[in-house]
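Novice: One structure coming up, written as structure tokens, with questions to follow.
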Amino acid sequence: MRVSDMNWSQVEAWLEHSDLAVLPLGSTEQHAGLSLSVDSILSEKVALDAAEPLGVPVFPVVPYGLTPYFLGYPGSVSLRVDTYVRLVRDILDSLRGQGFRRILIVNGHGGNAPAGALAIEWMADNPDCSVKFHNWWNSPKTFAKVQEIDKVASHASWMENFAWTRLDGVDMPTQQKPMIDTDRMRAMNPKEVRDYLGDGNFGGYYQRPDEEMQAIWDIAVAETRALMDEAWK
């Protein structure tokens, strides 16, 4: 259940019988020819699709994350690590103060890893709470399906090209882009990163058939839902 479609009294009614909530984390950054909001779109949608039959409230996605390496691409926005960690901590503190004790963080951007470390620290400070940090795209079953379809898959490649992340009027290249050297890229400044990456795809085809993408999505939704539904402690 999208919190944006609820009022405060409906959230209060939920808390009378459950202390579970979902928080998606995203990013606003270049994804080659795909939307700048790919990570936010996907983390929020997989959270909502997974939570729907359970009625679990899903809070609005945090649309900004940690992506300093992409600042050479217009439209990419990066928070500082200390800003980001404090932001996520404040959200968790707010949820706990209202009675939520189990929080599933559905993360859509690898650069947001510090939020996972924060979640562990936050649980130490709040031992009555439990937080699961879920990188939906590389969780075991989902990533296994990606690898089964095509092992050459990466940032801004086919594996992020869903019907809901494409842009009208943007044609995708048909060739398979060679994989970049990520270790080399990590030593570059934002301008050098853009010069090295070109359009922003890290490597792989730009698009695959929708039926393959739906098969990945179905597994991702089921895997995310299981984290809500299974025992927490």
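Novice: Out of the residues in segment 185-208 that are outside any loop (DSSP other than H, G, I, E, B) and either of a type in the set (Asp, Glu) or in contact (Cβ under 8 Å) with a residue 24 or more places away in the chain (or both), state the one that is surrounded by the most Cβ atoms within 10 Å (Cβ to Cβ).
Specialist: Applying the filter and picking the extreme gives 204.
Novice: Residue by residue through segment 163-184, note down the ones that are more than 15 Å from residue 201 (Cα to Cα) and either touching a Lys or Arg at 6+ places or on another chain (Cβ under 9 Å) or without any contact (Cβ under 8 Å) to a residue 12 or more places away in the chain (or both).
Specialist: 164, 168, 169, 183
Novice: Checking residue 32 against (1) out of contact with any Lys or Arg (no Cβ under 6 Å at 6 or more places or on another chain); (2) crowded, with 24+ Cβ neighbours inside 10 Å; (3) in contact (Cβ under 8 Å) with a residue 60 or more places away in the chain, only one condition comes out false. Which one?
Specialist: Of (1) out of contact with any Lys or Arg (no Cβ under 6 Å at 6 or more places or on another chain); (2) crowded, with 24+ Cβ neighbours inside 10 Å; (3) in contact (Cβ under 8 Å) with a residue 60 or more places away in the chain, only one is false for residue 32: (2).
One line per residue, one yes/no per condition, for (1) more than 28 Å from residue 231 (Cα to Cα); (2) touching a Lys or Arg at 6+ places or on another chain (Cβ under 6 Å):
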{"site": "69", "(1), (2)": "yes, no"}
{"site": "77", "(1), (2)": "yes, no"}
{"site": "86", "(1), (2)": "yes, no"}
{"site": "116", "(1), (2)": "no, no"}
{"site": "120", "(1), (2)": "no, no"}
{"site": "123", "(1), (2)": "no, no"}
{"site": "130", "(1), (2)": "no, yes"}
{"site": "148", "(1), (2)": "yes, no"}
{"site": "152", "(1), (2)": "yes, no"}
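Novice: Looking at segment 210-232, is at least one residue at pLDDT 95 or above, more than 24 Å from residue 61 (Cβ to Cβ), β-branched (Val, Ile, Thr) and not in a loop (DSSP other than H, G, I, E, B)?
Specialist: No - not one qualifying residue is present in segment 210-232.
Novice: Looking at segment 139-156 only, could you name the residues that are under 24 Å from residue 114 (Cα atoms) and in contact (Cβ under 8 Å) with a residue 12 or more places away in the chain?
Specialist: Residues satisfying the conditions are 139, 140, 141, 142, 153, 154, 155, 156.
The values are calculated or read from the model by the stated rules, or taken from the named source; none is laboratory data. Because the structure is a prediction, the values reported are computed rather than measured. Every residue, glycine among them, receives a Cβ derived from its backbone with ideal geometry; neighbour counts consider all protein chains shown.
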